[in-house]
Amino acid sequence: MDEATAGGLRIAVLVKHVPDAQFDREIAGENLTTVRAESILSELDEYALEAALQLVEAHGGAAAGHRITAITMGPPAAVAAVKKSLQIGADDGAHLSDEALSGSDASATSRALAALLEHLGPFDLVLTGMASTDGETSLVPAQLAERLSLPQVTFAAALEATTESGEWTLTARRDNDTFAETVQAPLPALVSVTDQINDPRYPNFKGIMAAKKKQIQTLSLADIGVGADEVGLAGSWTRVEAAAPRPPRSQGVVITDEGDAGIRLVDFLAGQKLL
């Protein structure tokens, strides 16, 4: 990929092709993996992409040498997540696709992504969503930071970058239940962002047309120096042992007020251990 000009930020945004939440999630196959027939760009990753775009726009955009690369791993169809990212505003993309990746848990995923980022980099900043909407573990960002020996800032609800004498510093706000904290980290760093950080933009016609000319690299495990036994089920620390459809909802309880509805409601809530 093209190197950014001197002083420009190279930002990698990790995006994932996940099952559309509008449809029921299904686990199938001998290895009990998620069925991805109806999949889209993960909604939570759109916040990370928007954060990257806002950082770049605040510091002169592409004209200042900044570059955003959308990166994913998964089966051939997963390239759709990168294509949409390019339509939204990323400059180029990369797709790690290999049959041996099937069944990778968070550990194996971070192993593959770390090697991919090292192969494509160096990057000044790696941005991720706070979780994937299929696995929902929130484990990959921290594991990835550890593998890449990067400072990590997780669950950022606000993010800005400043530069002085050519050195970049990130400032992030992390919101907790009863307080907020502000943390700083020098670049390079890895940051995961929450769904409170911004309002992601939609692809417009200009962006959709421009995306057709943008480059997407497709790589295999061999290209990035990772063995098949290091990822997939063979390289995972966990695996699904059993899966069953969620049971149908039982019929609700209707309480007719005959003067004692309040008492009956309290008794019902107490019986459900909700009081």
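Just a few scattered comments:
- Contour minus Cα-Cα distance for Ala63 and Lys273 (0.36 nm per residue): 69.6 nm
- The stretch 204-245 - charge dipole about Cα centre, Lys and Arg +1 at Cβ, Asp and Glu -1, debye rounded to 20: 580
- If only the Cβ of Lys and Arg carry +1 and only the Cβ of Asp and Glu carry -1, the dipole of the stretch 170-275 around its Cα centre is close to 760 debye.
- Ordering Thr194, Leu170, Leu96 by Cα displacement along the dipole of the chain toward the positive end leaves Leu96 in first place; charges were set at the Cβ atoms of Lys, Arg (+1) and Asp, Glu (-1).
- Principal-axis analysis of the Cα atoms of the chain puts helix 43-57 at an angle of about 30° to the longest axis.
- Comparing Asp229, Asp98, Asp257 in a Gaussian network model of the chain where C-alpha atoms under 10 Å apart are linked, the largest mean-square fluctuation is found at Asp257.
- Most mobile listed residue (Glu167, Glu241, Glu181) in the chain, GNM with C-alpha springs under 10 Å: Glu241
- Candidate lysines for bridging to Lys84, where Cα separation is under 28 Å - those fewer than 8 sequence places away on the same chain excluded: Lys16, Lys206, Lys212, Lys213, Lys214
- Extent along principal axes [Cα atoms of the stretch 49-181; Å; largest to smallest]: 44, 40, 25
- Length added when fully stretched, Glu43-Thr182, from 0.36 nm per residue minus Cα-Cα: 47.5 nm
- In the full protein context, the chain carries 56 Å² of accessible surface per residue, based on a 1.4 Å probe and ignoring ligands, DNA and RNA.
- When the charge dipole of the chain is built from unit charges on Cβ atoms (+1 for Lys and Arg, -1 for Asp and Glu) and taken about the Cα centre, the candidate among Thr238, Ala64, Val140 whose Cα reaches farthest toward its positive end is Ala64.
- Calculated [θ] (222 nm, deg cm²/dmol) that DSSP helices of n ≥ 4 give over the chain, each run adding -39,500 (n - 2.57): -7500 deg cm²/dmol
- Using 0.36 nm per residue and subtracting the Cα-Cα separation, the extra length available between Ser220 and Ala243 on full extension is 5.3 nm.
- Taking the Cα centre of the chain as reference, the dipole from Cβ charges on Lys and Arg (+1) and Asp and Glu (-1) amounts to some 520 debye.
- Cα gyration tensor, the chain - rounded (a/c under 1.5), prolate or oblate: prolate
- Amide hydrogen neighbours beyond the local backbone of Gln217, cut-off 5 Å, H modeled: Gly93, Ala94, His95
- Amide hydrogen proximity for Ser138: with H placed 1.01 Å from N in the peptide plane, the residues at 5 or more positions away or on another chain lying under 5 Å are Ser132.
- Of the GluC sites (Glu not before Pro) found in the stretch 112-157, those in coil by DSSP whose Cβ has at most 15 other Cβ atoms within 10 Å are Glu136.
The values are calculated or read from the model by the stated rules, or taken from the named source; none is laboratory data. These numbers come from a predicted model, not from an experiment. Please note: Cβ atoms are built from the backbone with ideal geometry, for glycine as well, and neighbour counts cover all protein chains shown. To get the accessible areas, we keep the full protein, side chains included, count just its heavy atoms, and leave off ligands, DNA and RNA. Shrake-Rupley method; radii C 1.70, N 1.55, O 1.52, S 1.80 Å.
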